[in-house]
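To keep things clear, I will list the structure first and then write my remarks on it.
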Amino acid sequence: MDKLRFIIFVLVVFLTLNAAPVNAGKVPGYIILNNNETLYGKIKVSNFDRDQNSILIQSNVWFKDKRDKHFKSYTPKDILELGFFYKSINYKFKSFVIDYNSLVPSESKKIKFLGLIFQGELSVYRDLAQSVIHKKSTSQHKDIIIDTYDYYLYNDRQGLKRVVLSKEFPSVIDLLKYYGVNNKFLDQLPTNVSFKKFKEILVEYEKWKINNVQIDQNCTCQ
């Protein structure tokens, strides 16, 4: 009986550790307040996503300035940006107002931290969204929650737009045109290129710009 209890205990601990977020501890970092003042100190990092190999911060962050004795909680309403270095990766989050299609006025806009995952002429930010999938079993109905992500493009001129098929942007090319991506580069893309390839496209665009600048510099015009 004791052996059975021990096995059950080990299984519970194993499942708990694999289901719970990994505590990454306290890491050096910074925050930028709404008045553009930058504070340096330590950030508590707790939500490490094993599948994405990344840190997740959305609603609040715990930060301690070098002058403070205790950590304070900051929300996206309190700060413009935060950043830190962890496991050879520089993490950067910015606060944005996200528009949602909701009939409830209070739910139509939310201020959240979005994580920067690519930076070039255009920046790509990621937001964690949860989708509930109903899985039917032989004995009962079970809800399985699967984490999915929304992706956003951003620059200072056009602001933030979600990367998704819409009436405004029926294709990736339309979305990239909106952000001023060079037409010569866009003409090389297949007209039916998938929205899922948007990050690969931006990486190729940065390479394309370098090559074309070199060509233009080598060109002698009469």
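None of the figures in this text is laboratory data; all of them are computed from the coordinates on show. Remember, it's a predicted structure, so these values are computed and weren't measured experimentally. We place every Cβ from the backbone using ideal geometry, glycine too, and count neighbours over all the protein chains shown.
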Hey, what do the phi angles of region 200-212 turn into as Karplus ³J(HN,Hα) couplings, whole Hz, using 6.51/-1.76/1.60 and θ = phi - 60°, x for Gly and Pro? 4, 5, 5, 4, 5, 5, 5, 5, 4, 5, 4, 5, 6
FRET efficiency for ASN183 and ASP99, using Cβ-Cβ distance with R0 set to 35 Å, rounded to 0.05: 0.80
